[in-house]
2 protein chains.
Amino acid sequence: MRIVLDASGGDNAPQETVKGAVQAARAYGYTVVLVGQQERIRAELTRHQTSGLDLPIVDAPETVDMEEVPTQAVRRKAHSSHMVGLRLVQAGEADAFVSAGHSGASIAGSFLVLGRMPGVERAVMAAFLPRLSGPPALLLDVGATTDCKPEYLLQFAQMGSIYAERVQGIPRPRVALLSNGEEESKGNRLVQEAAGLLRESDVHFVGNTEPKDFLVHDVCDVVIADGFTGNLMLKMGEATVALLLRKLAAEMRRAPTLRTLLALAPVVGLALLPGQGRWRALAGALAGSAGLLSVGIFPLWQLYRATDYRSYGGVPLLGIKGVVVIAHGRSDALAISNAIHRAGETVEAHLQSAIAEALSTSQAIESHANGRS
Amino acid sequence: MRIVLDASGGDNAPQETVKGAVQAARAYGYTVVLVGQQERIRAELTRHQTSGLDLPIVDAPETVDMEEVPTQAVRRKAHSSHMVGLRLVQAGEADAFVSAGHSGASIAGSFLVLGRMPGVERAVMAAFLPRLSGPPALLLDVGATTDCKPEYLLQFAQMGSIYAERVQGIPRPRVALLSNGEEESKGNRLVQEAAGLLRESDVHFVGNTEPKDFLVHDVCDVVIADGFTGNLMLKMGEATVALLLRKLAAEMRRAPTLRTLLALAPVVGLALLPGQGRWRALAGALAGSAGLLSVGIFPLWQLYRATDYRSYGGVPLLGIKGVVVIAHGRSDALAISNAIHRAGETVEAHLQSAIAEALSTSQAIESHANGRS
């Protein structure tokens, strides 16, 4: 397995990207091709133990800045890490491309260099949503195609379904349309028309779904939305968690002296007790606090891990001729290593042929229905 | 101030609705007209101390079920609490209508009985989003108009801006468009076209905004979205909080014996110490645990209150000829009382004339620009 990593891409590049590549090469036995500014990557590699690992470097002197318009950037900067990396995949010199850099440039570059699969109308980006139980739910599109037609949503459903089955190992995935209510009468015009197409399709369509239904009540495995709404859903989830954590921190800070006194009161009070036993009492107070902390903090930490984007590493871009995984801009080494692993799993799943087959069957049915066969 | 309450509407009617009405009548000195099934309301009222309070009952024997299609229900059920209540407002016998019942029926009934304000293209429902600091942000539309044109979003911005200024007391509210990125190039077609209209308008438009920007970073006071996206944002926020709380509960349950042992270990260990001091040590352990709990639990409770929909009571429906406040279906007495108070504040703010003025100015500008004046 040869995975190309955009070593210059992301907020923490090249330190964390190179570190993540080393981790992935060691953990999964992959060859990780590091594309980016050669000297910086080489310097970074010397900080790690890399004997026995296959980590070739390919120079790409240009970088795409976050402010650049993606379609222009990829055309102008042929020597950017995005373009050099994608060309390696296109030439068959690597199996997949992973980047935590400008995601718009990854998408635009994928179109330009790899191209859309035959029959695919628009590419789609699939994200993983933590659920109360079971594997994460797949939400797509989360930003590749902002304005959608009902036919695009049907294709997203077909591609998402195949991904969930082949990569996540969910047999006959339940597919739902994101809507502002479960009832058939709910939804905007796009959702209502897409629902009609999905009911006629060979996708296992279970109807409309609201956020609570799939996050908490496990009603489906794959959630379909246009790229604008899907992207905002991800961002609203992240923002809500951020708001909760900051509110909590703000509350803790609001009356720090009072709170600290409250917490210390029993400890101090017991320490001031007369007689020899007071040191025992003090030790008891400290031990009691520590015991309670261990109970409270462990589940909070588990929770944080479960909702942490780093566990999922990156989101696959589907519908293009090649495997591309887009990692979070804030990725650290763990997230990069997981994204590389996800790319490897996606390559092994041979999605391309399955998607091509599903779309051609669907188009054959449609042609037949329209009397064009 | 005379507020009509749909006493039959909501999951907890009539117990909580009547209780909330009694609370509001006492707290704010309002006359609260209870509309609904007369006998049940009367029976419920006897459970409360109501001397000196003005709580007239108006009979409305029919109820609208959650499964009914709103536009059909309001036409068929002329004696439903929605329709009877709204007719009281229309006849000038009350100042505002509040309902925790079928929100679609409240909206459809408002159109039918009260009608849209002249010049208003579509009505809009405004919700309150908790923020890290300051008053809540206003998000509109959250479900009155699912499919929107750019001109609707402009009117939502005008109405929301007036509401934030007059009712929330925010001078020159900053208005932003909800988008999948702050950059002008981001957003779907609707957002991009609406941004053009907003830049030309007299609304204090500050550009596009992402969820984190307005929930955490306080970049704006009023957020504009189509009713489909806005509604889903609210639901995604609620679902994320629900997921976090349930994950936490599930984690706590996962290994209860181990956790309990861990927490009790210091207590038990200290109790088994030889000598007289062990009882002191045990008391210390318990006191230490209690002290820590008081520090941890208090901010969590504050946080819960801050993000609790009940504090906001209800969301106003803007753009219709009358004051209508839609309360959460799960409202308890506190939420009902707050919704009634919100209705009273909205009446006092004289929004109708301010909105009419803003829209007519805007239309005059537009006509002038189009050479039609």
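The values are calculated or read from the model by the stated rules, or taken from the named source; none is laboratory data. Nothing here was measured: the structure is a model prediction, and the numbers come from that model. Backbone-built Cβ (ideal geometry, glycine too); neighbour counts: all protein chains shown. Each accessible area value is taken on the protein alone, full model and side chains, heavy atoms only, with ligands, DNA and RNA left out. Shrake-Rupley method; radii C 1.70, N 1.55, O 1.52, S 1.80 Å.
Identification of helices (runs of 4 or more DSSP H) wholly contained in the range A:254-373 with 1 or more residues that are at pLDDT 70 or above and buried (at least 21 other Cβ atoms within 10 Å of the Cβ) yields A:277-306, A:333-348, A:351-369. In this structure, residue B:120 qualifies as of a type in the set (Val, Ile, Thr), surrounded by fewer than 24 Cβ atoms within 10 Å (Cβ to Cβ), farther than 25 Å from residue A:247 by Cβ and more than 14 Å from chain A (Cβ to nearest Cβ). Across the range A:37-95, what is the total count of residues that are of a type in the set (Val, Ile, Thr) and farther than 17 Å from residue A:110 by Cβ? Qualifying residue count, the range A:37-95: 6. If I filter the range B:228-240 for residues that are within 11 Å of chain A (Cβ to nearest Cβ), touching a strand residue (DSSP E or B) at 6+ places or on another chain (Cβ under 6 Å) and open to solvent by 10 Å² or more (accessible area, probe 1.4 Å), do I get at least one hit? Checked against the condition, which is being within 11 Å of chain A (Cβ to nearest Cβ), touching a strand residue (DSSP E or B) at 6+ places or on another chain (Cβ under 6 Å) and open to solvent by 10 Å² or more (accessible area, probe 1.4 Å), the range B:228-240 yields at least one hit. If you go through the range A:186-203 and pick out every residue that is open to solvent by 50 Å² or more (accessible area, probe 1.4 Å) and not in a helix (DSSP H, G or I), you end up with 2. If the condition is being touching a strand residue (DSSP E or B) at 6+ places or on another chain (Cβ under 6 Å) and open to solvent by less than 90 Å² (accessible area, probe 1.4 Å), then the range A:164-185 contributes A:164, A:173, A:174, A:175, A:176, A:177, A:178, A:179. For first residues located in the range B:1-28 and farther than 19 Å from residue B:324 by Cα and open to solvent by less than 10 Å² (accessible area, probe 1.4 Å), partners that are in a loop (DSSP other than H, G, I, E, B) and of a type in the set (Phe, Trp, Tyr) and lie 6+ apart or on another chain with Cβ distances below 9 Å do not occur.
With respect to residue A:243, is the statement that it is crowded, with 23+ Cβ neighbours inside 10 Å and either away from every other protein chain (no Cβ under 14 Å) or in contact (Cβ under 8 Å) with a residue 60 or more places away in the chain (or both) true? Criteria not met by residue A:243. Residue-level analysis places residue A:214 outside the set of residues that are at pLDDT 95 or above, under 26 Å from residue A:339 (Cα atoms) and either more than 10 Å from every other protein chain (Cβ to nearest Cβ) or not in a loop (DSSP other than H, G, I, E, B) (or both).
I'd like to know if the range B:143-153 contains one or more residues that are away from chain A (no Cβ under 14 Å), farther than 24 Å from residue A:147 by Cα and at pLDDT 90 or above. No; the residues of the range B:143-153 include none that is away from chain A (no Cβ under 14 Å), farther than 24 Å from residue A:147 by Cα and at pLDDT 90 or above. Does residue A:53 satisfy being among the aliphatic types (A, V, I, L, M), part of a loop (DSSP other than H, G, I, E, B), over 23 Å from residue B:181 (Cα atoms) and modelled with pLDDT of 95 or more? It is true that residue A:53 is among the aliphatic types (A, V, I, L, M), part of a loop (DSSP other than H, G, I, E, B), over 23 Å from residue B:181 (Cα atoms) and modelled with pLDDT of 95 or more.
Taking the range A:169-199 as the range and being among the charged types (D, E, K, R), free of Cβ contacts under 8 Å to residues at least 40 places away in the same chain and at negative phi as the test, the residues that pass are A:182, A:183, A:184, A:186, A:189, A:199.
Criterion applied to A:63, A:71, A:46 was being farther than 20 Å from residue A:327 by Cβ and touching a helix residue (DSSP H, G or I) at 6+ places or on another chain (Cβ under 7 Å), and the one residue passing it is A:71. Against the list (1) farther than 22 Å from residue B:179 by Cα; (2) surrounded by fewer than 21 Cβ atoms within 10 Å (Cβ to Cβ); (3) not small (Gly, Ala, Ser), the condition residue A:149 fails is (1). Residue B:68 passes every criterion in (1) within 30 Å of residue A:187 (Cα to Cα); (2) part of a helix (DSSP H, G or I); (3) open to solvent by less than 60 Å² (accessible area, probe 1.4 Å) apart from (2).
The selection criterion, being in a helix (DSSP H, G or I) and either surrounded by fewer than 22 Cβ atoms within 10 Å (Cβ to Cβ) or within 14 Å of chain A (Cβ to nearest Cβ) (or both), does not hold for residue B:206. The selection criterion, being over 18 Å from residue B:329 (Cα atoms), open to solvent by less than 60 Å² (accessible area, probe 1.4 Å) and within 26 Å of the chain's Cα centre (by Cα), holds for residue B:31.
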